[in-house]
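**Student:** Got a structure for you, questions after.
No value in this document is a laboratory result; all are computed from the given coordinates. In this text, all values refer to a predicted model and were calculated from it rather than measured experimentally. Cβ placement follows ideal geometry from the backbone for every residue including glycine, while neighbour counts extend to all protein chains displayed.
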Amino acid sequence: MEKFAVFGIPSFFKRTACFRTALGAITLFLMIAAPLGSLTARSKQGIFLTDAWVQISPIPGRPAAAYLVIENRHIWSDFLVAVESPAAKRISLHRTRSTGNVSTMEKIDHLEIPARSTTALAPGKIHLMLMKTADDLASRKTIRIHLRFEKAGWIEVEATVRLMGSRETTD
Ligand SMILES: [Cu+2]
């Protein structure tokens, strides 16, 4: 019986403040570890996906934009050709173009990830446009996104949900 007591929750964790501190420490660890790619990276055939996140509107069902970093460690280029998610009916690849004060988005069919290079999908640049999103996105921490590469095939990532206008989503 005593052996099992070791795995019980220590009483100080039951106090909310301490528990929050512990959660904060874990969150901080994840935030530091994430860019290193050790925990969030999804890779296949030399394609590494990291730092996936999706910016959602507070209004349910509105379009959302998703971003991530795609690294190709191969000696040949690959192409992102399709994207799907259970969280959206349709996903397109978009490029933001800014002329003066006006910025528009254009749809692109595929995205080349040249050999031994990294492409970051980021706000104001290339992004994934999620249309007809699920109504409960705001209550989720992450959503699953499936990306299909011409050579590497399908790769799945977990994208962190961030509410538009909020600086942080980790609580
Ligand atoms: Cu767009």
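**Student:** Over the Cα atoms of the stretch 64-171, how large are the radius of gyration and the largest Cα-Cα distance (Dmax), in Å?
**Tutor:** Both quantities, over Cα of the stretch 64-171: 14.5, 42 Å.
**Student:** Now for a different question. Counting other beta carbons within 10 Å of each residue's own, what order do HIS74, HIS127 fall into, fewest first?
**Tutor:** HIS74, HIS127
**Student:** Could you give me the ³J(HN,Hα) list for the stretch 106-119, computed from phi with Karplus coefficients 6.51, -1.76, 1.60 and θ = phi - 60°, whole Hz, x at Gly and Pro?
**Tutor:** Whole-Hz 3J(HN,Hα) from phi for the stretch 106-119: 10, 7, 10, 6, 8, 10, 7, 10, x, 3, 6, 8, 10, 10.
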